[in-house]
Amino acid sequence: MTGQYGHSSNAALFMRAKKLKADPKILPPSMPEWFKSHGFTTVSVGKVSHHPGGMGGPDWNDPNDLEMPGAWDRHLIPSGKWQHPRGFMHGLAHGEIRVVRNEMAVLQAVEGADDIYPDGSTTDITLQQLDDLTSSDKPFFLAIGIIRSHLPFGAPKKYLSKFPRLR
């Protein structure tokens, strides 16, 4: 999103944001910032940057701690019924939050609709945003961040049941 190779830390965009806060002219704009400054509506849905929703803080939901300040008109985290960024990020059904990384299943398949997993919710919200954006004459930049193919691999059971060797 910035056109530059970032720091190896997961906090690279937060470090960039801190530099920009000190001197807004020190770095070139990110891609969504450029589009926004040229009259586009900019919308992010899901895990477009490292943190879903692009916010920091202890629960990844602090609107005062943004990874890419000034980039998005709407920066949406479709966290489903669980309404929590960590539940979205871990990608498990019903927003289950991973506790111990090495003690979890690599594959999860739970009965339910697509939106019990973050990618299903992301797709639903993205389609709504696309309808809204295309009903306007204003140009837009829409970025969609799908969690898959990050571990653990999870999808509604109806999809994985087609591949019996995966169970």
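Coordinate-derived values only; no laboratory data. Given the structure is predicted, the values throughout are model-derived calculations rather than measurements. As a convention, Cβ positions derive from the backbone with ideal geometry for all residues, glycine included, and neighbour counts pool all protein chains shown.
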Most exposed first, judged by fewest Cβ atoms within 10 angstrom, W34, W72 run W34, W72
3J(HN,Hα) from dihedral phi, the range 115-124, Karplus parametrisation 6.51/-1.76/1.60, rounded to Hz, x for glycine, proline: 7, 7, 10, x, 5, x, 5, 4, 4, 4
Restricting to Cα pairs below 8 Å that are 6+ residues apart, what does the relative contact order work out to for the chain? Please round to a whole percent. 24
Fewest Cβ neighbours within 10 Å first, please rank T122, T2 accordingly. T2, T122
Tell me which label goes with the value of Cα Rg over 2.2 N^0.38 Å computed from the coordinates here: (i) 1.12; (ii) 1.23; (iii) 0.97. (i)
Starting with the highest mean, order 89-102, 19-32 by the number of other Cβ atoms within 10 Å, averaged over the residues of each peptide. 89-102, 19-32
Which Cα, out of W72, V110, P164, lies furthest along the positive dipole direction of the range 71-167 (beta carbon charges, K/R +1, D/E -1)? P164
Virtual spin-label span in nm between I146 and R101, 7 Å along Cα→Cβ: 2.4
Explain nothing, just compute: Karplus ³J(HN,Hα) = 6.51 cos²θ - 1.76 cosθ + 1.60, θ = phi - 60°, for every residue of the range 8-23 in order, whole Hz, x for Gly and Pro. 6, 6, 5, 9, 4, 5, 5, 5, 5, 4, 5, 4, 5, 5, 5, 8
